[in-house]
Amino acid sequence: MRRHLHVLLSTLFLLMPMAANAAPELGKPAPDFTATAVDGATVKPSDFAGKVVVVEWNNPGCPFVKKHYDTGSMQKLQSYATKKGVVWLTVNSGAPDRQGNMTTEQAKEFITAQKLASTHYILDPEGSIGKLYGAKSTPHMFVIDKKGNIAYMGAIDDKPTTDPESLKGAKNYVKAAVDSLLAGKSVETASTQAYGCSVKYAD
């Protein structure tokens with residue numbers, strides 16, 4: 001009996017780290033974290049209860065990201081959402097010496113030059129937030145509902161290409177999710193395959 005109990009406890013201890021690092025699930029609470037944004041604000045998703053939250057993975061050097069930023073499409077969507085009371089968190093999980101990694105000052109310059117309209121820009125060089133969310137590409141998008149649950153995760157739209165012309169007529173899943181949640185409706189397309197450059201983690 002004592003041996004069986006020991007085996008059971010050992011198994012539970014082995015499973016605990018896996019559960020802690022489990023990928024986000026639709027309809028389940030969004031992974032929480034505490035981070036200091038580039039603007040100096042302390043950011044914790046759970047503090048935004050009662051608001052819709054968008055979490056966007058960013059890498060300024062990624063051609064897929066450039067498609068959305070150089071055309072102003074991403075900033076337009078950020079502005080559209082934040083003006084409706086949505087909290088928009090842009091996260092950069094690029095590791096040191098990897099594409100997209102920036103210092104705080106470089107991030108501030110990027111924000112100004114590209115006229116970002118997100119609520120906060122967060123540098124995550126250790127990749128802890130990215131891995132917490134299972135972010136695999138840039139852009140990889142997550143939309144959290146007012147109850148703090150994952151309501152959408154995946155691609156920003158249905159055009160997995162770097163061609164700016166593809167934005168014409170593209171179905172933007174993030175905008176659709178935001179509009180549905182603000183209207184008190186369920187998200188029709190709640191999960192898609194994210195596309196873009198791989199997130200540049202250290203390993």
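Summary of computed values
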item	result
Taking LYS51, LYS28 and counting other C-beta atoms within 10 Å, the order from fewest to most	LYS28, LYS51
Residue with peak Gaussian network fluctuation, the chain [Cα springs, cutoff 10 Å], from PRO60, PRO45, PRO164	PRO164
Computed label-point distance, nm, for sites GLN106 and ASP32 using a 7 Å Cα→Cβ extension	3.3
Rounded to the nearest 20 debye, dipole of segment 24-198 from Cβ charges on Lys, Arg, Asp, Glu	460
Gyration tensor verdict on segment 24-198 (Cα atoms; rounded if a/c is under 1.5, prolate if a/b is larger than b/c, oblate otherwise)	rounded
Segment THR82-ASP203, length gained on full extension (0.36 nm per residue, minus Cα span)	40.2 nm
Footprinting exposure proxy for SER191, SER93 (fewest neighbouring C-beta atoms within 10 Å first)	SER191, SER93
Rounded to the nearest 20 debye, dipole of segment 21-62 from Cβ charges on Lys, Arg, Asp, Glu	80
Neighbour-count order for MET102, MET141, fewest beta carbons within 10 angstrom listed first	MET102, MET141
Cβ-derived FRET efficiency at R0 35 Å, GLU165 paired with SER46, nearest 0.05	0.30
Whichever lysines have a C-alpha closer than 22 Å to that of LYS83, once near sequence neighbours (fewer than 8 apart) are set aside	LYS44, LYS51, LYS108, LYS115, LYS146, LYS147, LYS171, LYS175, LYS185
Stretch gain in nm, segment THR189-GLU126, where the contour uses 0.36 nm per residue and the Cα spacing is subtracted	19.5 nm
Charge-dipole axis of segment 24-198 as Lys and Arg at +1 and Asp and Glu at -1 on Cβ define it, positive-most pick from HIS120, VAL178, LEU167	VAL178
Farthest toward positive dipole pole in segment 35-146 [+1 Lys/Arg, -1 Asp/Glu at C-beta], among PHE64, VAL86, PHE48	VAL86
Alpha-carbon centroids, segment 62-134 and segment 146-199: separation in whole Å	16
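Read-outs throughout are calculated quantities, based only on the coordinates presented, and are distinct from any laboratory measurement. Just so it is clear, the model here is predicted, and its values are computed rather than measured. No Cβ is skipped: glycine too gets one built from the backbone with ideal geometry, and neighbour counts run over all protein chains shown.
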